[in-house]
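Participant: Structure incoming, see below.
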Amino acid sequence: MLLLFGTTLRNRLLVVVNFVCQFCGRQVNQDVVETATKFSLFFIPLFTIGRRYAVTCSNCGGTTPLTKEQATHGLEWAARNRQVS
């Protein structure tokens, strides 16, 4: 019997915030993204085995990894400032 299994990555945009990019120095929108690694069987994602968070500049594409707490803080800040996408 042949079993096909592996992992897939799923990106989810959490929020868009506007601040100065550390790479290009411009104040532009920054995407806060969650990347979930999912275990798949027969190409069907079954469960999540890991999560990563990052912020990406919409101008230069510079990406900085975030902790879960930093990503959550970004969501809370955007909600307080009415910038939730």
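The values are calculated or read from the model by the stated rules, or taken from the named source; none is laboratory data. Keep in mind the model is a prediction, meaning the values are calculated, not measured. All Cβ positions, glycine included, derive from the backbone under ideal geometry; neighbour counts span all protein chains shown.
Participant: Given the structure, is A78 outside any strand (DSSP E or B), surrounded by 13 or more Cβ atoms within 10 Å (Cβ to Cβ), at negative phi and in contact (Cβ under 8 Å) with a residue 12 or more places away in the chain?
Facilitator: So A78 passes the test.
Participant: Consider the stretch 25-43. How many of its residues are closer than 20 Å to Q70 by Cβ and surrounded by 12 or more Cβ atoms within 10 Å (Cβ to Cβ)?
Facilitator: Going through the stretch 25-43 one residue at a time, the tally reaches 10.
Participant: Then there's this: Would you check if there is a residue in the stretch 26-39 being at pLDDT 95 or above and outside any strand (DSSP E or B)?
Facilitator: yes
Condition check ((1) exposed (fewer than 14 other Cβ atoms within 10 Å of the Cβ); (2) among the acidic types (D, E); (3) part of a strand (DSSP E or B); (4) free of Cβ contacts under 8 Å to residues at least 60 places away in the same chain) across all residues:
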residue	(1), (2), (3), (4)
L9	yes, no, yes, yes
L13	yes, no, yes, no
V16	no, no, yes, no
Q22	yes, no, no, yes
I49	yes, no, yes, yes
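Participant: Could I ask something else about it? Would you please name the residue that is modelled with the lowest pLDDT, looking only at residues in the stretch 43-73 that are touching a Leu at 6+ places or on another chain (Cβ under 7 Å) and of a type outside the set (F, W, Y)?
Facilitator: Ranking the qualifying residues of the stretch 43-73, first place goes to A71.
Participant: Looking at the stretch 60-73 only, could you name the residues that are touching a residue at least 40 places away in the same chain (Cβ under 8 Å) and more than 17 Å from A36 (Cβ to Cβ)?
Facilitator: Across the stretch 60-73, the qualifying residues are G62, T64.
Participant: So T56 ticks every box in (1) within 15 Å of the chain's Cα centre (by Cα); (2) assigned to a loop (DSSP other than H, G, I, E, B) but one. Which box is left unticked?
Facilitator: (2)
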